[in-house]
Structure formats: structure tokens, C-alpha cells
1. Can you tell which of Ala108, Ala77, Ala101, Ala65 is in contact with a Ser or Thr (Cβ under 7 Å, 6 or more places away or on another chain) and modelled with pLDDT of 95 or more?
2. How many residues does the range 49-64 hold that are surrounded by fewer than 23 Cβ atoms within 10 Å (Cβ to Cβ) and within 15 Å of ligand 1 (Cβ to nearest atom)?
3. When the range 92-123 is examined, which residues are found to be charged (D, E, K, R) and under 13 Å from the mean Cα position of the chain (by Cα)?
4. Looking at the range 1-48, which of the residues that are modelled with pLDDT under 65 and part of a helix (DSSP H, G or I) is surrounded by the fewest Cβ atoms within 10 Å (Cβ to Cβ)?
5. Of a type in the set (Val, Ile, Thr), without any contact (Cβ under 8 Å) to a residue 24 or more places away in the chain, over 27 Å from Gly34 (Cα atoms) and touching a helix residue (DSSP H, G or I) at 6+ places or on another chain (Cβ under 7 Å) - does that describe any residue in the range 89-101?
6. Consider the range 70-118. How many of its residues are in contact with a strand residue (DSSP E or B) (Cβ under 7 Å, 6 or more places away or on another chain), buried (at least 21 other Cβ atoms within 10 Å of the Cβ) and part of a helix (DSSP H, G or I)?
7. Determine if the range 34-47 includes at least one residue that is under 17 Å from the mean Cα position of the chain (by Cα) and more than 18 Å from Thr151 (Cα to Cα).
8. Restricting to the range 49-60, count the residues that are closer than 30 Å to Ala77 by Cα and either modelled with pLDDT under 90 or not in a loop (DSSP other than H, G, I, E, B) (or both).
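The values are calculated or read from the model by the stated rules, or taken from the named source; none is laboratory data. Note that this is a predicted model, so its numbers are computed, not measured. Glycine also receives a Cβ, built like all others from the backbone with ideal geometry; neighbour counts cover every protein chain displayed.
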Amino acid sequence: MATERHRSDTDPGDTDPAGRDLDAGAEPHPDEGGGAERFVPRSRSLRTLGAAAESCHGCELYRNATQTVFGSGPRTARVLLLGEQPGDQEDRLGEPFVGPAGHLLDRALAEAGLPERDVYRTNAVKHFRWRPPPGGGRRRIHQSPTQGQITACRPWLLAEVEAVRPAVIVALGASAGKSLFGPSFRVGDARGSVRTWSAEPEAASAAGIAVMTTIHPSAVLRADDREAAFDGFVADLRRAAEVLK
Ligand code: URA
Ligand code: SF4
């Protein structure tokens with residue numbers, strides 16, 4: 001089954017308690033699965049890439065989502081902000097970081113002195129993964145993508161990085177970190193540090209890009225002490241701004 005191909009052995013799977021596959025909404029497209037690579041054009045024009053991503057079936061997540069949410073921002077941006085996946089609002093509007101987490105992020109970027117024109121925003125996974133509430137209802141409950149889905153979507157991210165060639169990537173939370181560094185990545189170990197990354201790990205020291213890891217803005221929204229969490233988040237973003245100097 002195409003959906004099984006991307007799952008790691010440790011992945012708990014994508015079924016609800018009754019065993020139904022939660023990512024299988026509509027009928028699968030005949031070319032579903034296998035990862036995004038064969039959908040990614042050679043072009044490194046963001047416009048061309050974004051248009052091609054609209055019809056990606058590299059994993060099953062397009063089935064339950066409204067649309068692909070590709071990255072957004074100028075190709076001259078020096079900072080690439082990497083989130084997890086579009087949320088409910090982003091799925092409806094087709095733009096990354098336009099919901100509550102995005103508003104918090106905007107405030108934090110302004111406070112850290114990172115101007116809009118220097119920021120490209122994208123996500124590790126370009127389709128919204130959600131499930132219905134256990135008791136039924138219309139609300140769409142966010143579900144983190146699996147490692148298999150993160151890996152399937154990675155070719156889009158690599159193309160975006162090649163197109164923008166940022167001076168620094170800010171990894172917002174665990175899924176972003178796993179997309180860059182693999183399944184063993186933990187935010188707690190990496191937070192606030194600046195490391196060098198390359199799509200091919202052997203080349204990291206030669207041709208790497210600086211990656212600063214921090215928490216996800218929605219973790220700030222969930223924190224008991226929001227103000228302290230916000231200040232910590234801004235301090236991390238300032239560290240990314242330092243790399244630009
Ligand atoms: N959270 C993310 O990680 N990305 C978005 O685009 C919105 C919310
Ligand atoms: Fe393609 Fe990524 Fe969407 Fe999966 S999540 S269908 S790989 S764009």
C-alpha cells in the first residue's frame with residue numbers, strides 16, 4: 001500500500017481506535033505515494049515550484065486537505081523560517097502562518113528586528129494533517145505529520161532552500177528539526193544553538209547553511225507563562241538575526 005511505504009518502524013501509524021485510516025479521505029489518486037521528488041520541476045523559480053506543488057500526490061496528505069500551502073516570501077530573503085505544516089486557517093487561505101501561531105510569529109519577528117522583506121516562510125509538510133474530534137463534530141484537530149510524511153515532502157523544502165539560498169534557516173519546533181536533521185532530532189538538545197546543515201550531511205562543513213533551532217510559536221501560545229515563553233522565543237530569533245550581521 002502506498003501509504004505504508006513512508007512509515008518508519010517506530011511510527012505508531014495513522015489509524016483511529018477503530019482502525020480506520022485517518023489520512024484516507026477521498027479516493028487515492030492513481031499516482032499517489034513515493035514522495036514528492038517526481039513532482040518537483042527542475043526550475044528554481046518559486047512561482048514555478050509553487051504551481052507544481054499544487055498537484056503533488058507524493059503522500060496521502062493532499063486527500064484530506066483543501067489545498068497545498070507552499071512557502072511565501074521574497075527569493076532574496078536571508079532568513080528561511082521553517083514550521084511544521086499548515087494549520088486550519090492556512091489550509092483554508094493557502095498561505096503559511098496566517099492563523100494564531102502566525103500572528104504571534106509576526107510580533108516576535110518584529111521584536112527581534114527581522115524585517116518582513118528578509119523572511120521566507122515555509123513548512124516541513126505542505127498539506128494540513130488533521131482528524132475529526134473523537135465524539136464527532138466539524139472541528140479539525142491538528143495532528144503532527146509522521147516522519148514518513150515529513151520525508152515524503154522534503155524534496156519541496158530542498159527546492160525552496162536552493163531557490164532562496166538563505167543565510168540562516170530557523171527551525172521552529174520538532175517537525176522542522178526532523179525534516180532537516182532526521183528522526184532522532186530533539187528540540188530540547190538543539191534549542192538556541194546554531195549548527196551547520198546541508199542536504200547532504202557529508203557536505204555540511206563545506207557548503208552548509210546556518211540553522212538556528214527554537215520552539216514552535218504554537219508552543220508559546222500553549223505555555224503556562226506565555227510572556228516568559230514569548231521572551232525566550234524572541235531571544236532565539238535575535239540569535240538568528242545575529243548570524244546576518
Ligand atoms: N503552524 C505551522 O507550523 N505552520 C503554519 O504555516 C501555521 C501554523
Ligand atoms: Fe506532496 Fe507534501 Fe502534500 Fe504529501 S504533504 S502530498 S508530499 S505536498
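1. Only one candidate passes the filter, namely Ala101.
2. Residues in the range 49-64 being surrounded by fewer than 23 Cβ atoms within 10 Å (Cβ to Cβ) and within 15 Å of ligand 1 (Cβ to nearest atom): 1 in total.
3. Glu95, Arg121
4. The extreme case among them is Glu4.
5. Yes, some residue in the range 89-101 is of a type in the set (Val, Ile, Thr), without any contact (Cβ under 8 Å) to a residue 24 or more places away in the chain, over 27 Å from Gly34 (Cα atoms) and touching a helix residue (DSSP H, G or I) at 6+ places or on another chain (Cβ under 7 Å).
6. Number of matching residues: 1.
7. Scanning the range 34-47 turns up at least one residue that is under 17 Å from the mean Cα position of the chain (by Cα) and more than 18 Å from Thr151 (Cα to Cα).
8. Going through the range 49-60 one residue at a time, the tally reaches 5.
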